[in-house]
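Enquirer: Before I ask anything, let me first share the structure, which is written out below as structure tokens.
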Amino acid sequence: MALLTPLFAFLYHLPQVYKWLLKPYYVASLFMSVAFLAVRKTPGICDRLATQREDGNSCDFDWREVEILMFLSAIVMMKNRRAITVEQHVGNIILFSKVANVILFFRLDIRMGLLYLTLCIVFLMTCKPPLYMGPEYIKYFSDKTIDVSTSGRVGGRGLVVGETHLRPVVLKCVFTVCAQDELARDGRVTWIVEFFANWSPECQSFASVYADLSLKYNCAGLKFGKVDIGRYGEVSKKYKVSASPLSKQLPSLVLFQGGKEVMRRPQVDKKGRAVSWSFTEENIIREFNLNELYQKSKKLSKTRGDKVSQSQFPPVPEEEEPEQQGVEAQGVESESKKDK
């Protein structure tokens, strides 16, 4: 079952997955993941390799190599049980495949092992996994600036053509504002803020899920924000979110109402380690009551719209009808005649 779940998920999202699988980072990673398999099975190269097989066939795996590959498969299945996106499934397979390749190459020949390990280090230092660049409606916070600056296209809407249907897309809105001032600006607005770091694989995988939630639930009374605590250390200390990989607190979602923290996920124990929690879209909707918050926030947007319309179009004083004015004039003349 652990193997079938990621397989079905991969096949279901295959039309969207191939776009980022063809990016240079993933193409190079896939080649590095199958490097030992290619060396062991390529004629002309495998004939010169050492082997522990009884039949002396150096172009096939020996029993120790089979054990290492089986152990790798078990680890990948255990890690993928907590994966929430297809990117995480593929990322786990690539990561542990590289680890197995290092072990296998060192066991085969120490020179080949050093060469492959050097390539992995160079690749890790020079190539970064592509960040999520899809549509979202999220404000990016800073700790030192209160000026609103846009570094992307704001508020645009369009239609994506070439799919089975046309769908509206909100172009990526990127803001840099002071988090504390923005959170406390309007006490009626509820904020959900993600504390993340660009180097965290978990944050990179969660980016698409969080973006989808912002497109579905963002409104005048419910807004979504992000702050990079890997870049702004003071924010990390103020809101008590550790950026250490050992704490496993990244990403962290915090719900603010009236500028004050109401709840956060994952929760943190006394030792400062995060309690295990899965960042799936269903869990976030259930734990943060997004459906209920969204219904309340829509009422706030309606009241704001009414106030804006009243302020833009002030009431016009009513004018007296000319017929009524003529009747009043005749009444005044008759009274003056009686007085005479």
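The values are calculated or read from the model by the stated rules, or taken from the named source; none is laboratory data. Keep in mind that this is a model prediction, so the values were computed, not measured. Cβ coordinates were reconstructed from backbone atoms using ideal geometry, including for glycine residues, and neighbour counts include every protein chain displayed. Surface accessibility is based on the protein's heavy atoms, side chains included, excluding ligands, DNA and RNA. Shrake-Rupley method; radii C 1.70, N 1.55, O 1.52, S 1.80 Å.
Enquirer: Arrange the residues Lys226, Lys139, Lys260, Lys271 by how much accessible surface each exposes, largest first, with a 1.4 angstrom probe.
Expert: Putting Lys226, Lys139, Lys260, Lys271 in descending order of accessible area: Lys271, Lys260, Lys139, Lys226.
Enquirer: Could you put Thr190, Thr126 in order of accessible surface area, largest first, with the 1.4 Å probe and the full protein assembly present?
Expert: The residues order as Thr126, Thr190, largest area first.
Enquirer: Under a Cβ-Cβ cut-off of 9 Å, what is the net charge of the residues other than Ser214 that fall near it, where Lys and Arg count +1 and Asp and Glu count -1?
Expert: Around Ser214, the charge tally is 0.
Enquirer: In Å², what does the accessible area per residue of segment 68-137 work out to with a 1.4 Å probe?
Expert: 62 Å²
Enquirer: Ordered by residue, what ³J(HN,Hα) values in Hz, to whole numbers, does segment 28-44 give under the Karplus form 6.51 cos²θ - 1.76 cosθ + 1.60, where θ = phi - 60° and Gly and Pro are x?
Expert: Coupling constants for segment 28-44: 5, 5, 5, 5, 5, 5, 9, 5, 5, 4, 5, 5, 6, 9, 7, x, x Hz.
Enquirer: Using a 1.4 angstrom probe with every protein chain in place, what is the largest-first accessible-area order of Asp212, Asp47?
Expert: Asp47, Asp212
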